[in-house]
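Please read the structure below before turning to the comments.
Nothing in this text is a laboratory measurement; each read-out follows from the coordinates by a stated rule. Everything numeric here is computed off the predicted structure, so don't read it as measured data. A quick note on method: Cβ atoms are made from the backbone with ideal geometry, for glycine too, and the neighbour counts reach across all protein chains shown.
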């Protein structure tokens with residue numbers, strides 16, 4: 001047995017408490033697996049008095065996470081506070097400057113400052129690891145950086161926001177409208193303080209940007225992610241999609257194309273019979289496609305105390321075993337700046353709109369599509385009341401640019417009674 | 001850049017040729033990811049002249065894999081010959097004695113000699129890695145030994161023989177009997193030279209024994225795996241199961257119970273709507289359950305050139321990065337000898353038999369079940385011709401011992417017209 005690996009934990013919310021429990025309950029197991037004891041020496045959080053269901057009396061307490069990060073008796077700084085900037089970033093920088101390794105679950109911080117932090121850590125001979133930041137307990141960062149290291153990655157896809165998947169599957173299963181299920185999720189405490197992070201797709205986009213970096217050896221480019229949330233998805237969309245054998249998911253896709261790196265986080269139709277289509281509730285799924293390995297699907301809990309703490313411990317135990325893979329799989333200074341590809345690869349699209357019930361209305365829409373070079377696979381006009389008619393169109397493969405051009409020209413026809421909704425149909 | 005990592009590859013079948021292709025085509029990518037060049041210096045196979053679709057002229061040729069394993073210009077001995085004993089074992093031992101690390105895809109060798117080989121390697125300060133031996137391209141060994149290292153594993157399950165899954169799903173989809181689909185698989189080249197390895201469950205049992213070792217920190221105990229093949233599964237079983245919402249899979253389960261370690265590889269009924277139930281054709285799936293992470297499902301190609309070579313490269317690149325996890329996740333000398341639990345954990349069972357069409361026949365079977373303490377959930381007698389009647393029973397949870405005792409007493413009733421088939425219904 002060598003010297004113990006000493007952890008300083010900043011942030012004692014659900015995940016922090018979960019990490020404390022694992023380290024306390026599994027001391028023998030962890031030592032047997034890594035060949036050295038893993039211990040906690042110091043902790044930090046906003047309130048010292050809160051009952052977290054774990055005994056913290058053996059650990060030194062620091063009110064200031066920066067002070068914790070600098071302590072001589074800490075080897076690994078475990079950052080579980082969250083927030084892109086502020087104390088999390090300051091303490092991470094302090095830890096690196098003091099020669100500590102860092103394990104974090106902070107997707108926002110790494111999506112925005114990951115390059116700078118990884119370069120600083122690697123210049124100091126330290127590592128920053130972040131398995132817990134993406135898809136909770138699913139070991140996707142390790143799968144990409146280590147298991148698939150012999151592959152050129154062709155595509156990475158994922159359903160990585162459990163709240164959105166809960167809302168979408170609940171709408172479908174209960175036949176409830178978005179607003180009602182959103183409120184329900186809110187009552188259940190599933191939503192972030194700023195719900196836009198969830199339903200606006202931002203949280204999931206942070207994760208996608210990190211995945212794209214490790215998949216393609218490129219600098220994290222969160223700003224280049226095309227983001228669309230689930231706020232405009234209606235129960236009608238979900239039912240129409242189901243009727244055609246699809247389900248709607250908030251799906252992230254990162255794909256290197258001849259035109260550059262595409263990163264999009266948006267609602268997509270996927271076949272109901274595919275692994276992604278079958279995903280229910282808060283579960284996450286990541287699909288990795290490599291040129292040799294083919295398609296690998298990983299499924300598990302994307303959040304929660306146990307799964308996220310398990311992922312944090314995976315990184316901690318790697319460090320205990322002296323597994324020191326660079327943050328993004330290769331040295332940060334060797335990551336390339338990917339050219340962002342604005343226009344997505346061609347795909348079929350689902351289009352829903354309501355037309356004024358006038359003779360020739362549907363023909364005008366079909367003509368506008370044809371003039372934009374978008375060809376129609378299926379078109380349905382539904383039975384209707386009043387003076388408007390709901391219309392559903394599935395296109396053949398087209399680019400988003402061509403589709404947007406068609407949608408803009410719909411306006412000039414004068415037959416639109418509502419803004420069209422366009423949803424990509426992703427081949428999975 | 002440090003010195004190159006030099007590979008000696010023994011065995012140039014599909015997988016060996018796949019590894020050569022990756023090393024040749026991806027030299028820059030591999031060096032960027034690991035920080036050092038990865039090169040092949042020498043190869044060995046049975047026939048030097050065979051066209052393998054790769055240029056081998058740059059590499060030294062050895063007719064004898066033992067000679068290859070000892071070469072001074074080899075750092076990692078890549079064993080892709082197969083076979084539990086013979087040249088594969090001799091060359092692996094020679095490599096270890098000569099101070100080489102070993103990467104192998106040889107499940108049979110490790111299932112039988114893994115403990116001895118791992119102890120020898122670790123005594124010499126070397127590693128044996130075997131990601132490619134279990135479930136092809138699915139990174140399950142790394143997931144268990146590294147990603148889930150903070151968990152007590154509760155259960156490991158897997159569909160890990162693509163040929164069996166092909167046969168079972170093909171029977172169901174085409175409504176064909178076992179013998180016909182077996183012959184079809186044979187024609188397609190899906191079966192091992194000795195098909196019992198596949199359809200008898202032995203190949204999959206080798207894999208399960210390796211998974212159990214890394215999951216529970218126990219010595220590989222292949223002899224303790226309860227093995228039952230798919231040879232007795234009929235199209236009627238598959239159709240009856242489907243009718244009740246189940247599918248039949250050759251499922252491996254390793255589970256640590258109060259009575260010891262259960263390891264079984266046998267046909268099981270699983271819910272048709274579960275990830276395992278939805279698995280079609282040659283794809284593999286492994287389900288890992290940890291006390292913190294919950295359930296993680298991994299799905300991918302279980303065989304074939306690309307996926308298996310990808311897994312071999314994962315181990316090679318770990319060594320290039322100086323990731324040196326012991327063969328079974330912790331030092332081989334610290335693995336415990338698990339007590340094998342002969343009787344499986346209770347489960348519901350599916351029972352199918354044919355009875356002579358006499359008054360009271362069904363009652364006699366029901367009585368025998370009751371006397372053995374097996375309670376019946378559902379029982380059906382199917383429409384029939386001639387003088388026998390097919391009967392289907394689903395029991396409540398019971399032990400295999402109680403069920404076997406009931407089945408033995410069926411014989412004394414004199415109403416059996418065929419041997420009963422009993423299939424476990426696994427909760428997934």
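Taking each residue in B:309-319, count the Cβ atoms of any other chain within 10 Å of its Cβ, then average. What number comes out?
Mean partner shielding for this stretch: 5.
Take the Cα atoms of region B:228-305, find their three principal axes, and give me the spread along each one in whole Å, biggest first.
That gives 38, 36, 25 Å along the principal axes, largest extent first.
Put a label point 7 Å from Cα along the Cβ direction on residue A:227, then list its distances to the equivalent points in the other copies in nm, shortest first.
Here the equivalent label points are 5.4 nm apart from this one.
Where does helix B:361-371 land angle-wise versus the long Cα axis of chain B, in degrees 0 to 90, nearest 10?
It works out to around 60 degrees.
Write down Rg/Rh for chain A, rounded to two decimals, with Rg from the C-alpha atoms and Rh from the Kirkwood relation over Cα pairs.
We get a ratio of 1.04 for chain A.
Which ordering of A:256, B:81, A:285 is given by a fewest-first count of other beta-carbon atoms within 10 Å?
With the fewest neighbours first, A:256, B:81, A:285 line up as A:256, B:81, A:285.
Which whole number gives the average count of other chain Cβ atoms within 10 Å of the Cβ atoms across peptide B:295-303?
Across the residues of B:295-303, the mean count of other-chain Cβ atoms within 10 Å is 6.
Using 0.36 nm times the number of residues separating residue A:64 and residue A:173, minus their current alpha carbon distance, what extension gain do you get?
34.6 nm
Hey, for a label at residue B:336 modelled as a point 7 Å past Cα toward Cβ, could you say which residues of region B:214-244 have their backbone N under 16 Å away?
Within reach of a label on residue B:336, which here means backbone N under 16 Å from a point 7 Å along Cα→Cβ, region B:214-244 contributes B:214-221.
Hey, in the GNM for chain B with a 10 angstrom Cα cutoff, which one of B:401, B:357, B:49 fluctuates hardest?
Of the options given, B:49 has the highest mean-square fluctuation.
Measure off 7 Å from each Cα along the Cα-to-Cβ vector at residue A:386 and residue B:387, then give the distance between these two points in nanometres to one decimal.
For residue A:386 paired with residue B:387, the spin-label model returns 7.4 nm.
Under a GNM of chain B (C-alpha, springs under 10 Å), which listed residue has the highest mean-square fluctuation: B:299, B:352, B:52?
Result: B:52 has the largest fluctuation of those listed.
Less than 16 Å from a label point 7 Å out along the Cα-to-Cβ axis of residue A:184: which backbone N atoms in region A:268-285 qualify, by residue?
Only A:280-283 pass the distance filter.
Please report the antiparallel percentage of the DSSP beta bridges confined to the protein assembly as shown, to the nearest 5.
The antiparallel fraction comes to roughly 65 percent.
Based on the inverse mean of 1/r over its pairs of different Cα atoms, what is the Kirkwood hydrodynamic radius of region A:349-425, in Å?
12.2 Å
When only alpha-carbon atoms are used, what values of Rg and Dmax, in angstrom, describe region B:346-391?
That works out to 11.4, 36 Å for Rg and Dmax.
For peptide A:25-33, how many partner chain Cβ atoms fall within 10 Å of a residue's Cβ, on average?
That works out to 4 on average.
What is the helix-to-structure angle for B:86-97, meaning the angle in degrees between its Cα long axis and the longest Cα principal axis of chain B, kept from 0 to 90 and rounded to the nearest 10?
Helix B:86-97 and the main axis of chain B meet at about 50 degrees.
Once fully extended, how much extra length lies between residue A:2 and residue A:324, figured as 0.36 nm per residue of separation less the alpha-carbon to alpha-carbon distance?
Roughly 114.2 nm would be gained on extension.
Placing the label point 7 Å from Cα along the Cα-to-Cβ direction, what are the distances from residue A:324 to the equivalent spots in the other copies, shortest first, in nm to one decimal?
1.4
At 10 °C and 1.306 mPa s, grab the translational diffusion coefficient of the protein assembly as shown from Stokes-Einstein with a Kirkwood Rh over Cα pairs, rounded to a whole number in µm² per second.
This corresponds to a translational diffusion coefficient of 55 µm²/s.
Based on the Cβ-Cβ distance from residue B:232 to residue B:116, what FRET efficiency comes out when R0 is 25 Å, to the nearest 0.05?
Once the sixth-power term is evaluated, E becomes 0.10.
Chain A: which residue's Cβ hugs the A-to-B rotation axis most tightly, distance rounded to whole Å?
Residue with the nearest Cβ, plus whole-Å distance, for chain A: A:323, 2.
Round to the nearest 10 and give me the degree value, 0 to 90, for the angle of helix B:178-187's Cα axis relative to the longest principal axis of chain B.
The two axes meet at around 20 degrees.
Please report how far the C-alpha centroid of region A:138-214 lies from that of region A:297-338, rounded to the nearest whole angstrom.
Result: 18 Å between the Cα centres.
Could you estimate the translational diffusion coefficient of region B:5-104 from the Stokes-Einstein equation, with Rh from the Kirkwood formula over C-alpha pairs, at 4 °C and 1.567 mPa s, in whole µm²/s?
After rounding, the answer is 96 µm²/s.
As a test of the formula, what do you get for chain A when each DSSP H run with n ≥ 4 contributes -39,500 (n - 2.57) and the sum is divided by the residue count, at 222 nm and rounded to the nearest 500 deg cm²/dmol?
Per the formula, -10500 deg cm²/dmol.
For region B:58-128 and region A:8-25, compute the distance between their C-alpha centroids and round to whole Å.
42 Å
What is the antiparallel percent of DSSP beta bridges lying wholly in chain B, to the nearest 5?
65 percent
Express in nm, to one decimal, how much length is gained between residue A:257 and residue A:97 on full extension, taking 0.36 nm for each residue of separation and deducting their alpha carbon distance.
53.8 nm
Given Cα pairs under 8 Å that are at least 6 residues apart, what percent is the relative contact order of region B:210-364?
25 percent
So, in nm, how far is label residue B:154 from label residue A:418 when the simple model puts each one 7 Å beyond its Cα toward the Cβ?
4.3 nm
Determine, from the Cβ-Cβ distance of residue A:85 and residue B:427 and an R0 of 60 Å, the FRET efficiency 1/(1 + (r/R0)^6), rounded to the nearest 0.05.
0.85
What are the label-to-label distances in nm, one decimal and shortest first, from residue A:382 to the same spot in the other copies, with labels 7 Å along Cα to Cβ?
So the label point of residue A:382 gives 4.2 nm to the other copies.
Going out from 0 in 5 Å bins, what whole percent of all Cα-Cα distances in region A:217-372 drops into each bin?
Pair shares across the bins are 2, 6, 10, 13, 17, 18, 12, 9, 5, 3, 2, 1, 1, 0, 0.
Sort B:328, A:222 so the one with the fewest other Cβ atoms within 10 Å of its own Cβ comes first.
With the sparsest Cβ surroundings first, the list reads A:222, B:328.
For chain A, modelled as a Gaussian network with Cα springs under 10 Å, which listed residue fluctuates most, A:303, A:132, A:345?
A:345
Quick check of the Kirkwood formula: for region A:140-300, what is the inverse mean of 1/r over all pairs of different Cα atoms, in Å?
That comes to 16.0 Å for region A:140-300.
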